């Protein structure tokens, strides 16, 4: 678990570095400091392609690099069931740090938008449950290091200095997991944790 915590902290540090880069871009472009930073919070349903749906929660910080462009970082949590090691319905939690870019089709008012993200993740799963369903496998660690890409499409509705948003996402997420086979040899397994997300939330401008 110490290694898990260290790797997740490293991911958070990377995310903070992205935030620092966004701040420098904003300053370099001379954008007015009013409303140049946008903080978002939201959640919804995550549906894995190889499993059962669960919930997600997201906190996002982005800086405006133009009236219609934003660049930032977000932290996402997912709790769901998926297929791992050919064993179905394995309880899984994903802790994700993601760099994101968003383009808004209108600088003001109700605006649809598109976005792209690149992420790193720590995925924690129930290794005992896998071993009960697959007796030939010995799980040496109950977590895997993940990475992926994500596309998003949404619409933002302004409410005074805040905004409400609705968003759909499609993500390609993958992980590497270490295990031992029946002969006791260490192996690495490549798994897909890809899926769809529908969510909504609130954005505040500062």
### Query
Just a yes or no: is a residue in the stretch 108-125 touching a residue at least 12 places away in the same chain (Cβ under 8 Å), in contact with a helix residue (DSSP H, G or I) (Cβ under 7 Å, 6 or more places away or on another chain), part of a strand (DSSP E or B) and crowded, with 21+ Cβ neighbours inside 10 Å?
yes
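Of these, 72, 99, 41, which one is exposed (fewer than 14 other Cβ atoms within 10 Å of the Cβ), touching a strand residue (DSSP E or B) at 6+ places or on another chain (Cβ under 6 Å), assigned to a strand (DSSP E or B) and touching a residue at least 40 places away in the same chain (Cβ under 8 Å)?
When all the criteria are applied, what remains is 41.
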### Message
Take the conditions modelled with pLDDT of 95 or more and either part of a strand (DSSP E or B) or over 30 Å from residue 203 (Cβ atoms) (or both) and apply them to residue 141. Does it pass?
### Response
no
### Unique match (being modelled with pLDDT of 95 or more, loosely packed, with under 14 Cβ neighbours inside 10 Å and under 20 Å from residue 78 (Cβ atoms)) among 170, 153
153
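The values are calculated or read from the model by the stated rules, or taken from the named source; none is laboratory data. Computed from a predicted model, the values in this text were never measured in an experiment. For neighbour counting, all protein chains shown are included, and Cβ atoms are generated from backbone atoms with ideal geometry for every residue, glycine included.
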